[in-house]
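Beneath this line is the structure, given in structure tokens, with notes to follow.
The values are calculated or read from the model by the stated rules, or taken from the named source; none is laboratory data. Remember, predicted model here, so these are calculated numbers, not experimental data. Note that we place each Cβ from the backbone using ideal geometry, even for glycine, and neighbour counts take in every protein chain shown. Surface accessibility is based on the protein's heavy atoms, side chains included, excluding ligands, DNA and RNA. Shrake-Rupley method; radii C 1.70, N 1.55, O 1.52, S 1.80 Å.
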Amino acid sequence: MRFRTHQLLPWLVALTSTGVALLTLALSRSLDRWQPGPHASPILKSLRSHDPLQRLELVTYDWRARRAAENSKDFSSLLGLVAIDDHSIDALLYGDLVGRPVGPMWPRYVYGLALEELHQQGAEAVAFDVLFGEERRDHGLVPIEGLTNVTSDDFFAHHLTASGPAILASYTNLPPAYIFRRAAAELGEAASPRDIDGSARRVDAFIDYQMLHPMVEFRARRQDLRVMRVTTNAIELRSIENDEPVYWPVNPDGSAKIPLPQGATQVDSVFLPRRVWHMGIVLAALRLGLDLDHAEIQPGLIRLTSTNGQGVRELPVMSDNRFPVNWSVTSTNIESFLTQGFVELLADAQQRMLNPTNPPPNRWTNALVIVGSTATGNNIADRGATPLAEVDFLPSTYLNVADSVLRGQFVRPAPAWLSYSVVAVLSLLASFVAWRFRPVVAGLAVVALGLGWVFLSDQAFQQARWWLPLAHPLLAGLTLNYATMLTYRSIFEQSERQRVRGIFSKIVSPNVVQELLKSDSVGLSGSRRMMTVFFADVRGFTELTDRAQNEAEEFVRKAGLTGPAAEAHFEQKSAEVLHTVNTYLATIADVIKLHRGTLDKYIGDCVMAFWGAPTANPRHAVDAVCAAIEAQKALHRLNQERESESRRREAENVQRAAAGQPLLSLLPQLSLGSGINTGYMTVGLMGSDTHILNYTVFGREVNLASRLEGVSGRGRIIIGETTYRELREFMPELAIRCLPLDPVSVKGFRHPVPVYEVPWKELPHMAPPSAPETEPGTPT
């Protein structure tokens, strides 16, 4: 169960972290599409405006857009800008035009003159990025010789038709006045939506308006009235002459009766729907003959078909029908497109009027012209940040949109499924490398993945104008998941270190424990390995317990002890026996750990140990045999010490007997029988976390080692044939000392087993592998 949990937890952490990354992407996309109204939640508005990942994404978009603009040299030669600049404003404010100063409030006939001159010079279409939201009767009559009783508005409206086609700017909820809207060829949406950082990157492909019915506006104008507002039950109008309110009733179904000099006329709806396309699209559509009235609007795509053989344009859009502008130029890149100051254009018009035989040159032949402001005054400045400049004049937006449509080159936002897929894949990859590799290697891999995605995203934009996400894949995907998995790995590894230390601190040497803690992974769950197993049985233990029991009974009988006194004597004798056997077992265990063995378990008076796990050891057989030799030598020294102590006690007992004192027990001496075998075994943790958990080995070769210990007798080391072959390969000087014995028949094995005896008494001291003065296992 623990193994399965440890296997599943990293995946659960990775999937959870990936889910968080996908949720941040979904939240950013939702907030980006959301257009907060006046009563929107302040919290949501704050989240939208302070979304750090979206802000970073926009910064990376600007970087790619600037690189693309630097490499782009194909801006359309058909486009041009007539700039209402500071010089034009000053010249018209203080100068003289056709015999009369214009002043700060330009009358509409000035635009009429400009439109007529552009028409005379061969312009194909003209778009005005100027708001003509209402009629201005106060602008008076046109002061041009030969024109009488022509108002400034009528003059401009006339040239909208006669010198067209002309496009008029329409801002959301503020279309041009009826007189101009009726005369213009098209309306063009001129709003410049800003992203959360205040930069203009995307525009609406179109806006669906609800405009007043033409009959309402026509009849109002014929009666010298202007529409002020429309409520659910009335149209409020004001008299142009005396500003008196007039009300035309509106029916509950939205229809209205419009009063006439004789009777009234019925309109089915006060408002009519009208779709207004972006001014840049409209300008290019006039040149290409694109049928905007029958556009095919699909999810993520607007398909525009030409009526004059100019092909099809497929405009990629986002879910809110906005599209990123393919920014190629700024308003200051005058070498990329035609440009002329507004006052210079009016000077051309004046020259044409005053000297018809010597007209100005036709610089606007077949051009698509935008008339817009590049002035810096507060009242007329139309400036803002774009991907190409921190501050630019926004008529450049129409230039770039029109160029994009003309050339059929659009920025293509990544579809939602691709964005989510990229974040998910990079998130899982970051989790994988953070879990499987060392932190330095994993960190380098994550950096490489991030740089690779940056390169791929940049090239996709440069070559095909694909806008692939960068901020969310790099931060919410790679960085977040790498950091999360690294944190989990640190916590998990710390827990594993404690677990490994708890399991092995008492069964292997401290240096082996340290190696385990440094290892990338420890195979505790179960594996098949080539290993060597060692069984060492303390001989004489049964005789010792029987003798101790007999001596205790004899003493109790002779001393006449009963009850608690007798029981106390028996417990004392048992403690002495246990101390004796523990002394021998501890001596063997210390030797095993000193020779880098893993102490498996105590089986009564037998010690079981193995080499080759949990840390790999190609010399496992050599270390096991050397440990067996040193264990026999250690017990031999222990027996000598106990024999010497027993002689001392015998001498003391003579005196104690004479004094009538209890005699001291003599120290028994035990021997050791050892069996060693090498082969493939299964090693791992057995048991459960709830109860006893033991790191052990089992298998056929383990059983054989146990059987060899059984035939070893007293003071002998018996090894199997595979162990002998390992000695010949890794320590031939020890193998040559081994004595071949007759094959032995052991329980559980069909055929006699070849065995060898290690003559440990004739061999020198075997230094442990960790000894610095010799190679591991080398005789000294």
Query raised in the report: Between Q54, A385, L663, whose Cα lies farthest towards the positive end of the dipole of the chain when Lys and Arg beta carbons carry +1 and Asp and Glu beta carbons carry -1, centred on the Cα centre?
Result: L663
**Report entry** Estimated FRET transfer efficiency when R0 is 41 angstrom, pair R647-L741 (beta carbons, to 0.05)
**Finding:** 0.70
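Per residue, how many Å² of accessible area does region 200-265 show with a 1.4 Å probe? Walk me through the numbers before you get to the answer.
Working: 3730 Å² over 66 residues.
Here the per-residue accessible area is 56 Å².
Where does each of S269, S646 land when they are ordered by accessible area, with a 1.4 Å probe and the largest first?
S269, S646
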Query raised in the report: What is the dipole size for region 572-729, taken about its Cα centre, with +1 at each Lys and Arg Cβ and -1 at each Asp and Glu Cβ, in debye to the nearest 20?
Result: 280 debye
**Report entry** Alpha-carbon spread of the chain, three principal axes, descending order, Å
**Finding:** 158, 59, 51
Query raised in the report: K573: which lysines have alpha carbons under 18 Å from its alpha carbon, excluding same-chain residues fewer than 8 sequence positions away?
Result: K558
Report summary line: Taking protein heavy atoms only, a 1.4 Å probe, and rounding to whole percent, the accessible area of the chain owed to carbon and sulfur comes out at 55 percent
**Report entry** R0 of 41 Å, Cβ-Cβ distance E543-M686: FRET efficiency to nearest 0.05
**Finding:** 0.80
Report task. Quote the charge dipole size of the chain about the Cα centre in Debye, to the nearest 20; the model charges only the Cβ of Lys and Arg (+1) and of Asp and Glu (-1). Result -> 2640 debye
Query raised in the report: Once the principal axes of the Cα atoms of region 578-689 are found, what is the range along each, listed largest first in whole angstroms?
Result: 62, 33, 19
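Determine the per residue accessible area of region 567-634 with all protein chains present and a 1.4 angstrom probe, expressed in square angstrom.
Numbers: 2280 Å² over 68 residues.
I get 33 Å² per residue for region 567-634.
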Query raised in the report: When all alpha-carbon pairs of region 1-83 are counted, what percent fall beyond 15 Å?
Result: 75 percent
Query raised in the report: Can you give the angle from 0 to 90° between the axis of helix 563-594 and the longest principal axis of the chain, with both taken from C-alpha atoms, to the nearest 10?
Result: 60 degrees
Query raised in the report: If the viscosity is 1.306 mPa s and the temperature 10 °C, what Stokes-Einstein diffusion coefficient in µm²/s follows for region 653-768 when Rh is the Kirkwood radius over Cα pairs?
Result: 91 µm²/s
**Report entry** Rounded to the nearest 10 Å², the accessible area of D224 at probe 1.4 Å
**Finding:** 60 Å²
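Using a 1.4 Å probe and counting only protein heavy atoms, arrange H595, H139 so the residue with the most accessible area comes first. Show your work: numbers first, answer last.
Working: H595 5, H139 30 Å².
The ordering from most to least exposed comes out as H139, H595.
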**Report entry** Charge dipole of the chain about the Cα centre (unit charges at C-beta), most positive-ward option of P356, G164, P42
**Finding:** P42
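Per residue, how much accessible area does region 340-432 show when a 1.4 Å probe rolls over the protein heavy atoms, in square angstrom? Don't skip to the end; give the middle numbers.
On the way: 3730 Å² over 93 residues.
Accessible surface, normalised per residue, equals 40 Å².
Got the relative contact order for the chain handy, in percent, Cα pairs under 8 Å and 6 or more residues apart?
On the way: 1352 pairs, mean separation 94.0, N = 780.
Contact order relative to length: 12 percent.
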Report summary line: Computed over region 240-315, the convex hull of the Cα set has an average projected area, in nm², of 9.6 nm²
Query raised in the report: Going by the alpha-carbon gyration tensor, a ≥ b ≥ c the square roots of its eigenvalues, is region 256-409 rounded (a/c under 1.5) or, if a/c is not under 1.5, prolate (a/b greater than b/c) versus oblate?
Result: oblate
Query raised in the report: With a sphere of radius 14 Å drawn around the Cβ of G560, what net charge do the other residues whose Cβ falls strictly inside it have (Lys, Arg +1; Asp, Glu -1)?
Result: 0
Query raised in the report: Among I629, N694, C606, whose Cα sits farthest toward the positive end of the charge dipole of region 577-707 (+1 at Cβ of Lys/Arg, -1 at Cβ of Asp/Glu, about the Cα centre)?
Result: I629
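Can you tell me the length gained on complete extension of the stretch Q640 to T332, counting 0.36 nm per residue apart and subtracting the Cα distance? If you can, show how the numbers build up before the last one.
Values: separation 308, 0.36 × 308 = 110.88 nm, distance 10.36 nm.
Computed gain between Q640 and T332 is 100.5 nm.
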Query raised in the report: In nanometres, what is the gap between the two model label sites at H50 and M228, each 7 Å from Cα along Cα-to-Cβ?
Result: 4.3 nm
Report summary line: With every protein chain in place, the accessible area of H87 for a 1.4 Å probe, in Å² rounded to the nearest 10, comes to 100 Å²
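Which whole number in µm²/s is D for region 335-411 by Stokes-Einstein, with the Kirkwood Rh taken over Cα pairs at 10 °C and 1.306 mPa s? Write down the numbers at each step before the final one.
Values: Rh = 14.9 Å.
The estimated diffusion coefficient comes to 107 µm²/s.
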Report task. Report the trypsin sites (Lys or Arg not before Pro) located in region 31-91 that are in a DSSP loop and have at most 11 other Cβ atoms inside 10 Å of their Cβ, or state none. Result -> K73
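Excluding N308 itself, what net charge comes from residues whose Cβ is under 14 Å from its Cβ, given Lys and Arg +1 and Asp and Glu -1?
Details: positive: R287, R313; negative: E124, D291.
Surrounding charge for N308 is 0.
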Query raised in the report: Using a cut-off of 18 Å between alpha-carbon atoms, which aspartates and glutamates can reach K257, once sequence neighbours fewer than 8 places away in the same chain are excluded?
Result: E217, D224, E236, D268
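In square nanometres and to one decimal, what's the mean projected area of the convex hull around the Cα atoms of region 278-327? Each step should come with its number before you reach the end.
Numbers: hull surface 14.0 nm².
Its average projected convex-hull area is 3.5 nm².
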